[in-house]
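See below for the structure under consideration.
Every number in this text was worked out from the coordinates using simple rules, so none of it is lab data. All of these numbers come straight from a predicted model, not from anything done at the bench. Cβ: placed from backbone, ideal geometry, glycine included. Neighbour counts: every protein chain shown.
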Amino acid sequence: MTQYFIKVPNSRDLVHSGSVTAMTVFFPLDTARLRLQVDEKRKSKTTHMVLLEIIKEEGLLAPYRGWFPVISSLCCSNFVYFYTFNSLKAVWVKGQRSTTGKDLVVGFVAGVVNVLLTTPLWVVNTRLKLQGAKFRNEDIVPTNYKGIIDAFHQIIRDEGILALWNGTFPSLLLVFNPAIQFMFYEGLKRQLLKKRMKLSSLDVFIIGAIAKAIATTVTYPMQTVQSILRFGRHRLNPENRTLGSLRNVLYLLHQRVRRFGIMGLYKGLEAKLLQTVLTAALMFLVYEKLTAATFTVMGLKSAGKH
């Protein structure tokens, strides 16, 4: 009997593969969401109308503009988060049994570290995603970047190195998003377990999607401010205050509500929720299929004889 040794992908590898796949498949939804957040004078409110406008005005591939920088940032962000999370957990737990409370604290700290280290990447990819866009807002200053490196160079040269951390404050607040999601997930799970002995895979997916949708809706206004600050290409607003300062988060929220009402804070939410739910579904599917395929291959290989 010949033994075969294959590397078994861990759950982190599978989740990472799923997240990259999902981001690629549903990238146009993220493009629509970003346009609605940043270009507040765009009249089309529905996701499909915005995408149709983008394709008509900018070309068939326009919804995928900036794909590579986003995927690169996603990979770096996942690496930083998981590396920090596992390192902190190893130091704090030290062989003891981990608890939900400890995991939440470690997850929060890892999220903060991730924001501080990777925000420059997200600032650059936001700029690249919106380069060449046909904006309705005439106050937006267009950009002309040749690529990721050139974008870094121009931002540092023209706006100062701190501009690479535009949107850091709302990003830090958004670290609470997973905690909100976890809270609702656990609450929904407890309610379901009162009625049945165990949860099916479909149950887990549904309550996970609901919890994620709630967390997204609650924190969406801060995501809108985050996008505006990261883009940072608006000229002076009527109050003669720039939009690139972290001190203006509350000011931006107030201005958005004053001009467009409370729903102005939620422009693009439809696209974000669609992306969130569909991404969760695809990641779940990819994770299940990859897991099943991996163990099928292992079973066949281990049974091989010569």
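As a test of the definition: which semi-axes, in Å, follow for region 48-94 when you take the square root of five times each eigenvalue of its alpha carbon gyration tensor? Largest first, please. Don't jump to the answer; show the numbers that get you there.
Working: eigenvalues 325, 21, 4 Å².
Values for region 48-94, descending: 40, 10, 4 Å.
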Check your understanding: After finding the eigenvalues of the alpha carbon gyration tensor for region 92-183, what semi-axes result from the square roots of 5 times each, listed largest first in whole Å?
Key -> 36, 15, 10
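Please report, in debye to the nearest 20, how large the charge dipole of region 78-201 is about its Cα centre when each Lys and Arg carries +1 at its beta carbon and each Asp and Glu carries -1 there.
Working: 16 positive and 7 negative charges, 215 e Å.
Around 1040 debye, computed over region 78-201.
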Point to revise | Using θ = phi - 60° and Karplus 6.51 cos²θ - 1.76 cosθ + 1.60, couplings along region 199-211 (whole Hz; Gly, Pro as x) | key: 9, 7, 4, 5, 4, 4, 5, 5, 5, x, 5, 5, 4
Study note, to complete from the structure: Rounded to whole angstroms and listed largest first, the alpha-carbon spread of region 106-246 along its three principal axes comes to 60, 32, 29
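Of Lys43/Lys272; Lys134/Lys267; Lys129/Lys267; Lys102/Lys129; Lys89/Lys272; Lys195/Lys272, which ones are farther than 25 Å apart at the Cα? List each step's numbers first, then the result.
Details: Lys43/Lys272 18 Å; Lys134/Lys267 18 Å; Lys129/Lys267 18 Å; Lys102/Lys129 37 Å; Lys89/Lys272 31 Å; Lys195/Lys272 32 Å.
Cα-Cα > 25 Å for Lys102/Lys129; Lys89/Lys272; Lys195/Lys272; rest within.
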Exercise for review: Towards the positive end of the charge dipole of region 58-201, with charges on Cβ (+1 Lys, Arg; -1 Asp, Glu), say which of Asn114, Tyr145, Trp165 has the farthest Cα.
Suggested key: Asn114
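Relative contact order of region 53-134, please, whole-number percent, based on alpha carbon pairs below 8 angstrom and at least 6 residues apart. List each step's numbers first, then the result.
Working: 50 pairs, mean separation 42.8, N = 82.
Relative CO of region 53-134 lands at 52 percent.
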Study note, to complete from the structure: Filtered hits (aspartates and glutamates, Cα-Cα < 17 Å from Lys189, offset >= 8 within chain) -> Asp203
**Study point:** Whole-Hz couplings from phi, Karplus 6.51/-1.76/1.60, listed for region 173-189; x for Gly and Pro
**Key:** 5, 6, 4, 6, 3, x, 5, 5, 4, 4, 4, 5, 4, 5, x, 5, 5
Practice item. In whole Hz, with x marking every Gly and Pro, tabulate ³J(HN,Hα) for region 259-267 from phi via Karplus 6.51 cos²θ - 1.76 cosθ + 1.60, θ = phi - 60°. Key: 7, 10, x, 4, 5, x, 6, 10, 5
**Study point:** 5 angstrom amide H check on His234, placed H, neighbours 5+ away
**Key:** Val141
